[in-house]
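First comes the structure, then the notes that go with it.
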Amino acid sequence: MRFILLIIVTSIVGILVTTEIGLRLLFGFGNPLTYIGDEKIGYLLTPSQRTRRFGNRIEINQYSMRGVDIQQTPLSSTMRIMLLGDSIANGGWWTDQKNTISNLIIGSLKSNLSELSQDITQIEVLNASANSWGPRNELAYLQRFGSFGSKAIVLLINTDDLFSTTPTSLQVGRDRNYPSQKPALALVEIFNRYILKQKPIPGLKEIQNESGDRVARNLEAIAKIQELTRQNKAEFLLAMTPLLREIGQPGPRDYEIKERQRLKEFTKARGIIYIDFLPIFNASQNPKALYHDHIHFNLQGNQLISQVIEQKLLELLQQDRQNYSKVGLFK
């Protein structure tokens, strides 16, 4: 009887060990990206971490950006661009490092270096982003860390970001999607993420129900990002991607149409270069093929976004070179 019991226990332990190893090696469970809270920014990805999720490589540098470690100031032979955004810019677990929008822009710009300057031999596109960030999070990041000597700042938002709420760190360590530490086991992460019911987070609902004119507050944050960009003598580009349900008919909802027009008028009044991806996606033969889900993009979608942004960046940087080369502000 004891022998049979020993066989059963050994078998169960063996299955658990095999499952644990498989979950770690094949899917990356047990090693999720972790977050840290911040009074102004709300939260950031914990600096200097690496993982693989579902086979996709993810690396976070010392400044909580998705990418490799960088020097605070670029070399004179390096042109640096900063991409600010949320999970669309970040790419999340479903996007390998090489397929993020920032890395795709690097590849595109490298082939056009000769159009920018003979003195530039390297392109860097920094990716300062995190899941569910809005313009106020992105402004706070820029105020905290600066633009790292970037020649251009690209703010990539989506329609929902117009209505995003004030930054908060309440979800860090409490929401399963914002862990503050690694789980002891991959099996523990599976249990916490897919089986255990998410407990309400005290105070979070009140923030999510923020009253007043949210859009005005987010437009104000965008205006401040533009001002910081100007102070750094850099170019500013704003781009907005649509939700999948906005594509085709019936299109955006009435309140979204109203706020989209408000954004358009805002950018015109402030002289902001603005890319609205809604008509671009509507012109695509199969817009659904660009999406990973209802809001995020797959590789094909990232490629389209990066190509459009890259072309506009080339125009802005070439214009910048013409305007400042005579006084030595642009090599």
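Figures for the structure shown
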quantity: Sulfur and carbon atoms: percent of accessible area, segment 70-140 [1.4 Å]; calculated: 45 percent
quantity: Percentage relative contact order, the chain, counting C-alpha pairs under 8 Å, at least six apart; calculated: 19 percent
quantity: Span from the segment 35-93 Cα centroid across to the segment 279-295 one, whole angstrom; calculated: 26 Å
quantity: Chymotrypsin sites (Phe, Trp or Tyr not before Pro) within segment 1-56: DSSP coil, no more than 14 neighbouring Cβ in 10 Å; calculated: 54
quantity: Sequence of 166, 229 from largest to smallest accessible area, 1.4 Å probe; calculated: 166, 229
quantity: With all protein chains modelled, accessible area of residue 64 [1.4 Å, Å²]; calculated: 10 Å²
quantity: Computed over segment 158-254: relative contact order in percent, which uses C-alpha pairs under 8 Å that are six or more apart; calculated: 38 percent
quantity: List 264, 182, ordered by accessible area with a 1.4 Å probe, largest first; calculated: 264, 182
quantity: Residue 168 - accessible surface, heavy atoms, 1.4 Å probe, Å² rounded to 10; calculated: 20 Å²
quantity: Contact order relative to length of segment 59-113, as percent, for alpha carbon pairs under 8 angstrom and 6 or more apart; calculated: 21 percent
quantity: For the chain, accessible area per residue (1.4 Å probe, heavy atoms of protein chains only), Å²; calculated: 51 Å²
quantity: Translational D in µm²/s for segment 62-153 (Stokes-Einstein at 10 °C, 1.306 mPa s, Kirkwood Rh from C-alpha pairs); calculated: 116 µm²/s
quantity: Accessible-area value, residue 119, 1.4 Å probe, nucleic acids and ligands omitted, Å²; calculated: 90 Å²
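The values are calculated or read from the model by the stated rules, or taken from the named source; none is laboratory data. Please read these numbers as outputs of a predicted model, since none were measured by experiment. Positions of Cβ are backbone-derived with ideal geometry, glycine not excepted, and every protein chain shown enters the neighbour counts. For accessibility, only protein heavy atoms count, side chains too; no ligands or nucleic acids. Shrake-Rupley method; radii C 1.70, N 1.55, O 1.52, S 1.80 Å.
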